[in-house]
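The values are calculated or read from the model by the stated rules, or taken from the named source; none is laboratory data. Model, not experiment: these values are computed from the prediction. Glycine also receives a Cβ, built like all others from the backbone with ideal geometry; neighbour counts cover every protein chain displayed. Note: accessible area is taken over every heavy atom of the protein model, side chains too, but ligands, DNA and RNA are not part of it. Shrake-Rupley method; radii C 1.70, N 1.55, O 1.52, S 1.80 Å.
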Amino acid sequence: MTKMTKVAIAAGAFVTATLMSTGAQAQQKQLTLCWAAWDPANALVELSKDFTAKTGIAMKYEFVPWPNFAQRMLNELNSKGKLCDLLIGDSQWIGSAATEGHYVKLNEFFDKNGIKMSDFMPATVTGYSEWPKNTPNYWALPAMGDAVAFTYRKDWFARPELQAEFKKKYGRALEAPKTWDEFKQVGEFFQNRMIDGKKVYGAALYTERGSEGITMGVTNTMYAYGFDYENPKKPYEMKGFVNSAGAAKGLKLYKDLYDCCTPPGHSNAYMTEDLDAYKSGQVAMQMNFIAFFPGISKDPNVGGEKTGFFAIPKGDKHFAQLGGQGISVVKYSDKKDMALDYLKWFAQPSVQKKWWDSGGFTCHTAILNAPGFDKSTSYAKVFLDSMKIVKDFWAEPTYAQLLLAMQNRVHDYVVAGKGTPQAALDSLEKDWEEVFKEDGKLK
């Protein structure tokens with residue numbers, strides 16, 4: 001080997017090593033954010049380009065379709081995987097993620113960087129960030145405010161002949177219902193009606209059994225008549241709260257609505273199925289999470305002036321099922337410092353304003369309380385009103401067992417028509433007692 005050859009090889013080796021080192025550094029300057037695959041995630045991709053421009057940290061995404069999201073992400077956490085540096089996880093996961101050490105506790109980081117939970121909507125702090133609930137222990141930054149609400153065919157409601165017929169039958173104007181009694185009347189009015197030569201139906205409701213769908217639907221009517229998860233004065237005491245007479249009334253109402261007013265075959269429907277029913281012109285009203293409302297407002301078939309929005313109707317009480325998520329740093333990430341940089345960037349009011357403008361749902365009060373916010377979009381007021389009345393499902397570490405029990409009991413009654421509402425809730429209360437006994441929280 002000649003001296004020149006040795007020099008060339010050495011130079012080549014140096015260049016290769018330099019490129020490898022540069023490539024490794026570039027690869028390290030990248031975060032993977034995990035979330036569900038839906039419109040808000042696409043909005044976050046666009047928003048996060050500003051973060052990359054400011055920091056040089058590239059963003060990679062792992063978005064999973066909703067039917068597979070929980071199983072995929074919980075498996076990742078339980079296996080202590082390193083796929084996700086940042087995770088926008090459901091509110092119900094916060095208990096298990098905190099107690100099992102999946103998320104980084106953020107109190108010290110928040111204090112160091114001047115991020116105050118008092119700057120975010122109280123319901124979202126409790127719902128998305130705290131464990132134990134109602135204590136200043138934070139495991140996520142509120143990221144995506146959401147709740148269950150309704151869309152309705154504003155153009156159908158406005159038809160003079162339908163207005164006249166409804167007024168004659170019910171003595172009031174055909175408009176977005178404010179109470180559950182009014183909702184049932186509107187649903188019955190549209191059920192099996194012919195509009196533009198096509199048979200339509202009253203409402204698309206959540207009825208899905210496999211994950212969380214029917215629970216996210218039925219709780220809205222159950223809350224309205226007195227259902228609660230436990231005695232507020234005695235944790236885990238559920239008898240007379242879960243299975244109160246009012247809770248049974250709310251459960252029966254949901255079955256009545258399913259029986260009277262849903263499309264044929266709507267027995268296992270959740271977010272996607274309700275969207276399909278509404279966008280295809282099958283139903284007058286649609287239950288869904290507010291997160292889908294920006295897409296509906298732009299839809300070529302039902303968007304614009306064809307659609308209106310309204311918050312969950314009220315009964316004796318007025319509550320809506322909380323949706324939405326917080327964003328957390330995954331404990332097993334090798335890039336926790338960069339992930340925390342992302343949270344610091346995302347928490348800024350200027351970024352939160354862009355988040356709302358791009359189709360996300362900010363939880364930051366500086367944006368929500370700004371003059372004119374309620375008129376900034378056709379669904380802004382419904383979002384504000386809904387987030388003031390939200391209530392959430394259990395966020396206990398055992399939430400999966402608790403959820404499975406409720407899914408089975410209410411689906412058997414509402415959809416399959418088995419037994420009575422009181423029997424369904426009596427059984428549910430016993431199911432939940434058993435879960436908490438096994439968890440050591442009940443004797």
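Below is a table of values for the structure above.
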quantity: Nitroxide proxy distance, nm - points 7 Å out along Cα→Cβ at SER350 and LYS29; calculated: 2.1 nm
quantity: More than 19 Å apart - percent of Cα-Cα pairs taken over the stretch 202-333; calculated: 57 percent
quantity: Stokes-Einstein D (µm²/s) once Rh is taken as the Kirkwood radius of the stretch 106-147 over alpha-carbon pairs, at 37 °C in 0.692 mPa s; calculated: 317 µm²/s
quantity: DSSP bridge pairs, the chain: antiparallel proportion in percent, nearest 5; calculated: 65 percent
quantity: The chain, dipole about Cα centre (Lys/Arg Cβ +1, Asp/Glu Cβ -1), debye to the nearest 20; calculated: 640 debye
quantity: When the chain is reduced to its Cα atoms, the Kirkwood hydrodynamic radius in Å; calculated: 23.5 Å
quantity: Surface per residue (accessible, 1.4 Å probe) for the stretch 54-124, Å²; calculated: 47 Å²
quantity: Share of carbon and sulfur in the accessible heavy-atom surface of the stretch 293-409 [1.4 Å probe, %]; calculated: 53 percent
quantity: Sequence-separation-based contact order of the stretch 166-265, relative, with Cα cut under 8 Å and 6+ spacing, percent; calculated: 26 percent
quantity: Listed residues THR420, THR52, THR32 arranged by accessible area, highest first, probe 1.4 Å; calculated: THR420, THR52, THR32
quantity: Normalised contact order of the chain, rounded percent, pairs of Cα under 8 Å and 6 or more residues apart; calculated: 24 percent
quantity: Coil-residue trypsin sites (Lys or Arg not before Pro) of the stretch 194-250, DSSP, other Cβ within 10 Å capped at 16; calculated: LYS233, LYS239
quantity: VAL45 paired with LYS331, simple spin-label distance in nm, labels 7 Å along Cα-to-beta-carbon; calculated: 3.2 nm
quantity: Fraction of accessible area attributable to carbon and sulfur, the stretch 74-140 (%, probe 1.4 Å); calculated: 51 percent
quantity: Cβ-based charge dipole, the stretch 158-315, positive-most Cα from PHE309, PRO177, SER211; calculated: PRO177
quantity: Angle between the chain longest axis and helix 66-78 axis [Cα atoms, degrees, rounded to 10]; calculated: 50 degrees
quantity: Per residue accessible area of the stretch 191-349, 1.4 Å probe, in Å²; calculated: 37 Å²
quantity: DSSP-defined antiparallel bridges as percent of all bridges, the stretch 149-295, nearest 5; calculated: 75 percent
quantity: Cβ-isolated cysteines (cut-off 4.7 Å), the chain; calculated: CYS363
quantity: Directionally averaged projected area (convex hull, Cα atoms, the stretch 97-250), nm²; calculated: 13.8 nm²
quantity: Carbon plus sulfur fraction of accessible area for the stretch 195-271, probe 1.4 Å, in percent; calculated: 51 percent
quantity: 23 Å Cα-Cα threshold exceeded, pairs from LYS255/LYS441; LYS154/LYS199; LYS255/LYS375; LYS116/LYS353; LYS169/LYS279; calculated: LYS255/LYS441; LYS255/LYS375; LYS169/LYS279
quantity: Helix axis angle, 399-414 relative to the chain longest principal axis, alpha carbon, degrees; calculated: 30 degrees
quantity: Accessible area in square angstrom per residue, the stretch 357-443, 1.4 angstrom probe; calculated: 44 Å²
quantity: Distant alpha-carbon pairs in the stretch 58-148 (separation over 23 angstrom), percent; calculated: 25 percent
